[in-house]
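*Asks:* Take this structure first; my questions come after.
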Amino acid sequence: PARHFDTRTTEPISFFLSGLEELLAWQPDSNDDFNVSAVPLAKRQPPLHSRRPRTLVCHDMRGGYLEDRFIQGSATRNPYVFYHWRYIDIFVYFSHHTVTIPPVCWTNAAHRNGVPVLGTFITEWTDGEKLCEAFLAGGAEAYRAVGEQLARIAQHYRFDGWLVNIENTLSAAAVGNLPPFLRHLTAQVHRAVPGGLVIWYDSVLRNGALRWQNELTEENRVFFDACDGLFTNYNWKQEHLERTRGLAGPRHTDVYVGVDVFARGDVIGGGFDTDKSLRLIRQHGLSTAIFAPGWVYEHLGEENFLRNENKFWASLAEYLPTHSICTLPLATSFSLGMGTSRFLAGKEEEPGPWYDLSAQEIQPLYPEHEGRLSTSCCLQDAWCGGSSLRVQGTIPPGEERVAVGLFSLQMPAPPKLFLTLLYKLEGPHSDDFAVALELTTWDSGTCHEGNVTSLPEPNGRHRPRFLPAPPPGLAKLLAACDRGSNGWTSRCYELDLQDCSLRDLSLLVSRHQPSPRETPFTCLLGEVRVLDAASVAASPPEVQSMSASQLWWQ
């Protein structure tokens, strides 16, 4: 069927539904298998329902379903990718089709990094009025059928809920049924999807008029009360935030104040001034919805996209609380799900551009320290996939080393950890540096390193012991302990801990000789793994009932 497969190449594609008939006629289909997310939503800390102000990203680019619709990837040069997952809470895929089902590659990438993904249910203009009249103006049966279908679609494709955007006027009968419809949809989504969400966009009022409020008011509150959150329009000022905070009461973090990065209309700040908007929103303890951050790609161009993207998110970092990883194993080769070649074991396997967000790996923090330290993507060289993580910085005069934070962690430390690192030092003075991993631990009373009781700094700092060869029985998993290849250096470490919680994983770059001058360094990270020794030693469950379908050999 044309909906499931590209008519030109026959490749499987992601798709949307148009109109009420298509929505109500939808049912699971064997051709759907490609579109079902294969990656469960990873746990993270703090969880979404904590009362901390959240950050929602609403991705709206040129109508949607661009190269990201190709489920098995495409040969796209300079594609748009998003990778600052540690800084956000919710990802919405937006388009102007009635039912926007997020392309599965986005769900896979977001889930791997612990971020839930919402589709969009939108009605607009006169067609939208007719559509709403058809399902809202009649009895409960009609709107319940729509709610049930939307929940079934999210459950089937394994994404996490809906942004509901009714941008047309409603008759008295239709608007009267809107709150019960939202309550029903929200209950259905909660039942069908663990951790599911329904968020309402600030558009129509309780009397059916289409008038954006740019805040939570008595006129739109009835919709906020019926679902999990409100995404406000963008033309707000400080007084709107004050009133919203007062009216929302204990649910103030469920109000996502809209910020249009394209800065259309009368707004506080977009583009590289988006931080001005975020500063005000956070001063009032509210959540934010960053709309169309693809501005960086669309407005500034695709050539220097990765550099501009890091600059944009670094400018907001102060207002974006980050998230911690809370499960092991942690393993990543930092691939963004795109590249100019494909690499395996440090060797270029296949030159040529590729793009497949499903292949994006767990992404680290991207810290910027006053120009002294930065992390960015390197497409020219990688251990595995399409890219490595470039860590650049300087060691200040008189200091021996610097630590670059890669991940924040929040979980009880297992008694024994194995860590592996693949890296490559670049530049003329690469022999002057040593590279290692450092783990810090939460101060849970006292933390014992090995069996020796040490009273660490407020957070214990641990340099795992270097393993020159893999321990017996783990030679296969830790095969690369003592040998890198193609210019990459491989290292394995072990660390014994008791009674503490893991806190940060950092890369430690130190110089062999002290120096009165500042020393610049560049290090590529090809892979990092943190493994619980106990589960590594256990044999993995056997794969059973394997089957293959929809094969097309070329």
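The values are calculated or read from the model by the stated rules, or taken from the named source; none is laboratory data. On a predicted model such as this, the values are computed, not experimentally measured, just so you know. Ideal geometry is used to build each Cβ from the backbone, glycine not excepted, and the neighbour counts take in all protein chains shown. Each accessible area value is taken on the protein alone, full model and side chains, heavy atoms only, with ligands, DNA and RNA left out. Shrake-Rupley method; radii C 1.70, N 1.55, O 1.52, S 1.80 Å.
*Asks:* Assign unit charges at the C-beta atoms only (+1 for Lys and Arg, -1 for Asp and Glu), then state the dipole size of the chain relative to its Cα centre in Debye, rounded to the nearest 20.
*Replies:* Numbers: 48 positive and 63 negative charges, 170 e Å.
Taking the Cα centre of the chain as origin, the dipole is about 820 debye.
*Asks:* Set the Förster distance to 30 Å, then compute FRET efficiency between R52 and T394 from the Cβ-Cβ distance, nearest 0.05. Could you put the intermediate results ahead of the total?
*Replies:* Working: r = 34 Å, r/R0 = 1.13.
E between R52 and T394, to the nearest 0.05, is 0.35.
*Asks:* I've got another one for you. Taking 1 over the mean of 1/r across every pair of different Cα atoms in the stretch 330-538, what Kirkwood radius in Å do you get?
*Replies:* 17.9 Å is the Kirkwood radius here.
*Asks:* Kindly provide the pair-distance distribution of the stretch 338-436 built from C-alpha pairs, with 5 Å bins from 0 and whole-percent values in order of increasing distance.
*Replies:* Final binned percentages: 2, 9, 17, 20, 19, 16, 11, 5, 1.
*Asks:* What percent of all Cα-Cα pairs in the stretch 268-426 falls into each 5 Å bin, going from 0 up to the bin containing the maximum distance?
*Replies:* P(r) for the stretch 268-426, in whole percents per bin: 2, 7, 13, 16, 18, 17, 14, 8, 4, 1, 0.
*Asks:* Still on this structure, I have one more. For the stretch 15-98, divide the Cα radius of gyration by the Kirkwood radius and give the resulting Rg/Rh value with two decimals.
*Replies:* Computed over Cα atoms, the ratio is 1.00.
*Asks:* Bin by bin, in steps of 10 Å, what percent of the Cα pairs in the stretch 316-390 do you find, going until the bin that has the longest distance?
*Replies:* 18, 43, 30, 9, 0
*Asks:* In a Debye calculation with equal point scatterers on the alpha-carbon sites of the stretch 91-228 and no solvent, what is log10 I(q)/I(0) at q = 0.14, 0.22 Å⁻¹?
*Replies:* Those come out to -0.60, -1.38, one per q.
*Asks:* Percent of accessible area on the chain owned by carbon and sulfur, 1.4 Å probe?
*Replies:* 51 percent
*Asks:* How much accessible area does Y493 have with a 1.4 Å probe, in Å² rounded to the nearest 10?
*Replies:* Counting only protein heavy atoms, Y493 exposes about 10 Å² to solvent.
*Asks:* Taking 7 Å along the Cα-to-C-beta vector as the label spot, tell me the Q283-R465 distance in nanometres, rounded to one decimal.
*Replies:* Placing both labels 7 Å along Cα→Cβ, they lie 5.4 nm apart.
*Asks:* OK, next. Which three semi-axes in whole Å describe the equivalent ellipsoid of the stretch 1-46, each the square root of 5 times a Cα gyration tensor eigenvalue, listed largest first?
*Replies:* Square roots of five times the eigenvalues give 26, 17, 10 Å.
*Asks:* For E426, tell me the accessible area in Å² from a 1.4 Å probe, rounded to the nearest 10.
*Replies:* About 70 Å², rounded to the nearest 10.
*Asks:* How big is the antiparallel share of DSSP beta bridges in the chain, given as a percent to the nearest 5?
*Replies:* For the chain, the DSSP antiparallel bridge percentage is about 70.
*Asks:* Once you charge only the Cβ atoms, +1 for Lys and Arg and -1 for Asp and Glu, what is the size of the charge dipole of the stretch 330-538 about its Cα centre, to the nearest 20 debye?
*Replies:* Charge dipole, the stretch 330-538, about its Cα centre: 300 debye, nearest 20.
*Asks:* Next up: Mean Kyte-Doolittle of at least 0.0 plus a Cα span of 20 Å or more along the axis: flag which DSSP H helices in the chain meet both, please.
*Replies:* 172-192
*Asks:* Based on Cα positions only, what radius of gyration and what Dmax would you give for the stretch 201-260, in angstroms?
*Replies:* My reading of the Cα-based Rg and Dmax gives 10.3, 28 Å.
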